[in-house]
Amino acid sequence: MISYKNTSTEELKEHLASLKAVYKEYQGMDLRLNMARGKPSNDQLDLSMGMMDILSSQDDLTCEDGTDCRNYGVLDGIGEAKQLLGDMMEVPAENIIIYGNSSLNVMYDTVSRSMTHGVMGNTPWCKLDRVKFLCPVPGYDRHFAITEYFGIEMIPIPMTEFGPDMDLVEKYVSEDESIKGIWCVPKYSNPQGYSYSDETVRRFAALEPKAKDFRIYWDNAYTIHHLYDEDRDYILEILEECRKAGHPDMVYKFASTSKISFPGSGIAAIAASHNNLDDIRDQLTIQTIGHDKVNQLRHVRFFGDIDGMNAHMRKHADILRPKFETVLEILERELGGLGIGSWTKPKGGYFISFDSLDGCAKAIVSRCKKAGVVMTGAGATYPYGRDPQDANIRIAPSYPPLADLKLATELFTLCVKIVSIEKILSERGA
């Protein structure tokens, strides 16, 4: 294809008219398609239905150590669940606390506790004049929502294919005591699908923060969410790297089974040093007597061990892989060579990141919505919902059936073409 920027004004005008005619046909189809969030599809949810039958009223609900899961107690999770999640998160079971159903809730609690009671004896953040977080961009909108909710100032850090710009991270962290944390999705990042390089992980572990209570918020949400068996990303384990670098307390690592079993009914965990975990338990003893041990036991008996969990994830990949490949094939077929967009090609996770021409993302998302396709709002992948280039759009292929996804992606590329041509013509004064 010839780049639109190298196409004559008259040809672009003719092409725009034909594209708008096709767009009008889409509007007449009364579409109601949703690619807004990375939700598992119904087929994926069906994979875990056996979990509903794994426990019955006739079953022994006693753990290996004799704990009765029906009763109070066990603040930080049953041993079997700590072993299962520890294996998934690549850390020893003794470095794990099992929570309820949501890692986002654990992250919120961790920020909230730091605000009100401080981190390991340091001044509570609410008593400080300023508190800041570093935010790799584009990034996860719900991370940014937490820090914005607590009035924490967010500083964007550009992402590269190897992870955040570590030169900037090192500079900010070493010079500014008010910087208390950084959000990270280190594997198959949201939304780009990038995985941090070994060098990036080691540079994180070697950080020398000016703030004693600085923490890396390591949200390993997609730790075993591979699309391909033979071609998958691996990252260094951050707790071990921090320990080797002499900074064992510098990281909180989060994960859950939300996109492995049932979203909203899974189990979540935090992994950290013993010092951090002791600090967290002090608060947990006030907050709860213990989380849902029956659900923890249900997960353990359904998956068995990490091998069972990995086998389960291959079934997820078999459903997700054709969807990702369909989106990428359509993007290449419809937009390749036109010079009006670029996109990532992840090996796992839940998203594809698309970058339009500057100033076009909001208009593209708006056009999609008017024709019946709902996407994540433009700007959502940046703090405060403000993408300075108005270019990034997150594509979530997981939820729609394949036929609907194909239709939605074709409409998306149509909208990209229309908005891009309008921008080029406007710049030419045509």
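Here are some notes:
- Largest GNM mean-square fluctuation across Asp358, Asp390, Asp229, computed for the chain with C-alpha springs under 10 Å, falls on Asp229.
- Farthest toward positive dipole pole in the chain [+1 Lys/Arg, -1 Asp/Glu at C-beta], among Thr257, Asn220, Leu19: Leu19
- Surface composition of region 106-158: carbon and sulfur atoms hold 49% of the protein heavy-atom accessible area at a 1.4 Å probe.
- Protein-only accessible surface at a 1.4 angstrom probe places the residues Arg298, Arg428 in the order Arg428, Arg298, largest first.
- Exposure of Leu128 as accessible area (Å², to 10), given a probe of 1.4 Å and all protein chains: 60 Å²
- Mean ellipticity per residue at 222 nm, deg cm²/dmol - from DSSP H runs of n ≥ 4 across the chain, formula -39500 (n - 2.57): -13000 deg cm²/dmol
- Cα-Cα separations in region 1-146 greater than 18 Å, expressed as whole percent: 80 percent
- Evaluated over region 192-311, the count of Lys pairs having alpha-carbon atoms less than 29 Å apart is 7 (only pairs 8 or more residues apart or interchain).
- Distant alpha-carbon pairs in the chain (separation over 26 angstrom), percent: 58 percent
- When the chain is treated as a Gaussian network with alpha carbon springs shorter than 10 Å, the biggest mean-square fluctuation among Phe150, Phe133, Phe354 belongs to Phe150.
- At a probe radius of 1.4 angstrom, the accessible area of region 271-315 per residue rounds to 46 square angstrom.
- Prolate/oblate/rounded call for region 222-312, Cα gyration tensor, a/c under 1.5 rounded: oblate
- Taking GluC sites (Glu not before Pro) across region 50-95, the ones in a DSSP loop with at most 12 further Cβ atoms lying within 10 angstrom of their Cβ are Glu64.
- For region 326-430, the solvent-accessible area of protein heavy atoms averages 35 Å² per residue (probe radius 1.4 Å; ligands and nucleic acids excluded).
- Computed extension length for Arg281-Arg333: 13.4 nm, one decimal, from 0.36 nm per residue of separation with the Cα-Cα distance subtracted.
- Proximal aspartates and glutamates relative to Lys5, as straight alpha-carbon distance under 12 Å, when same-chain residues fewer than 8 apart are discounted: Glu422, Glu427
- Share of carbon and sulfur in the accessible area of region 219-290 stands at 48%, probe radius 1.4 Å.
- Electrostatic dipole magnitude of region 285-430 [Cβ: Lys, Arg +1; Asp, Glu -1; Cα centre; debye, to 20]: 300 debye
- Between the residues Thr116, Gly86, Ile97, the greatest Cα displacement towards the positive end of the dipole of region 58-127, with unit charges on the Cβ of Lys, Arg, Asp and Glu, is found for Thr116.
- Each Lys and Arg Cβ is given +1 and each Asp and Glu Cβ -1; about its Cα centre, region 317-395 then shows a dipole of about 260 debye.
- Taking a ≥ b ≥ c as the square roots of the eigenvalues of the Cα gyration tensor, region 46-95 is classed as oblate, since a/c reaches at least 1.5 and a/b does not exceed b/c.
- Working from label points 7 Å from Cα in the Cα-to-Cβ sense, the Arg142 to Asp46 distance is 2.5 nm.
- Checking the Cα-Cα distances for Lys132/Lys370; Lys369/Lys406; Lys132/Lys369; Lys180/Lys347 against a 26 Å cut-off, the pairs over it are Lys132/Lys370; Lys132/Lys369; Lys180/Lys347.
- GNM top mover of Arg314, Arg386, Arg215 - the chain, alpha-carbon springs below 10 Å: Arg386
- Dipole of region 322-395 [Lys/Arg +1, Asp/Glu -1 at C-beta], most positive-end residue of Gln389, Thr326, Gly377: Gly377
- The share of accessible area on region 327-398 that comes from carbon and sulfur is 50 percent, using a 1.4 angstrom probe.
- Here the contact order of the chain, divided by its residue count and restricted to Cα pairs under 8 Å and six or more residues apart, works out to 25 percent.
- Amide proton proximity set for Thr160, modelled H, under 5 Å, gap of 5+: Asp165
- Cα centre as origin, Lys/Arg/Asp/Glu Cβ charges: the chain dipole, Debye: 1380 debye
- Overall form of region 69-225 per C-alpha gyration tensor (a/c, 1.5; a/b vs b/c): oblate
- Region 112-201 - accessible surface per residue (Å², probe 1.4 Å): 40 Å²
- Computed FRET value (nearest 0.05) for Glu177 with Asp198, which takes r as the C-beta separation and R₀ as 22 Å: 0.15
- When the residues Lys244, Lys406, Lys323 are ordered by accessible surface, computed with a 1.4 Å probe over the protein chains alone, the sequence from largest down reads Lys244, Lys406, Lys323.
- Here the relative contact order of region 1-94, from alpha carbon pairs under 8 Å that lie six or more residues apart, stands at 11 percent.
The values are calculated or read from the model by the stated rules, or taken from the named source; none is laboratory data. Owing to the predicted nature of the structure, the values given are computational and were not obtained by experimental measurement. In this analysis, Cβ positions are derived from the backbone assuming ideal geometry, glycine residues included, and neighbour counts consider all displayed protein chains. Keep in mind that these areas ignore ligands, DNA and RNA; they rest on the heavy atoms of the full protein, side chains included. Shrake-Rupley method; radii C 1.70, N 1.55, O 1.52, S 1.80 Å.
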